[in-house]
Ligand code: ZN
């Protein structure tokens, strides 16, 4: 792992700017990655035009899962929900800036799965959401 990017991940893991829980919220979803024990909950507020006005994540797990959730949540505030529905795994991997093996990939993509299941209003988050 490249040192510079590792620092970004550790910084967001130790000092997440968007950890929390919005109450009230318009959208909430949570899911886990049993392979690693990661758990992420995301709460969102949206306005009448379908734009995300605020977002927070809460959860526990490894540095990659928590840092990716913090980066993701920070990046979607102000975006239309319709745009968030189109995000794919490259979006997360570009923000993390590192190459990940298949196990770590699940950690990195958990927050995106949770976010997309939430904005699509699904009952569960499947891997197909982050292809
Ligand atoms: Zn993990």
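Each reported figure results from applying straightforward, stated rules to the coordinates on display, with no laboratory input. Bear in mind the structure is a predicted one, so any value in this text is a computation, not a measurement. Neighbour counts are summed over all protein chains in view; Cβ atoms, including those assigned to glycine, are modelled from backbone coordinates with ideal geometry.
Data overview
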{"item": "The chain: equivalent-ellipsoid semi-axes (sqrt of 5 x gyration tensor eigenvalues, Cα, Å)", "result": "22, 15, 14"}
{"item": "Distant alpha-carbon pairs in the range 81-131 (separation over 15 angstrom), percent", "result": "41 percent"}
{"item": "Neighbour-count order for 8, 73, fewest beta carbons within 10 angstrom listed first", "result": "8, 73"}
{"item": "Highest-first arrangement of 51-58, 116-123, where packing means the average Cβ count within 10 Å", "result": "51-58, 116-123"}
{"item": "Spacing of the two label points (7 Å from each Cα toward its C-beta) at residue 6 and residue 19, in nm", "result": "2.1 nm"}
{"item": "The range 50-123: equivalent-ellipsoid semi-axes (sqrt of 5 x gyration tensor eigenvalues, Cα, Å)", "result": "20, 12, 12"}
{"item": "Distance between modelled label sites at residue 85 and residue 122, nm, 7 Å Cα→Cβ extension", "result": "1.3 nm"}
{"item": "Taking the chain and dividing mean pair separation by its residue count, relative contact order in percent (alpha carbons under 8 Å, at least six apart)", "result": "26 percent"}
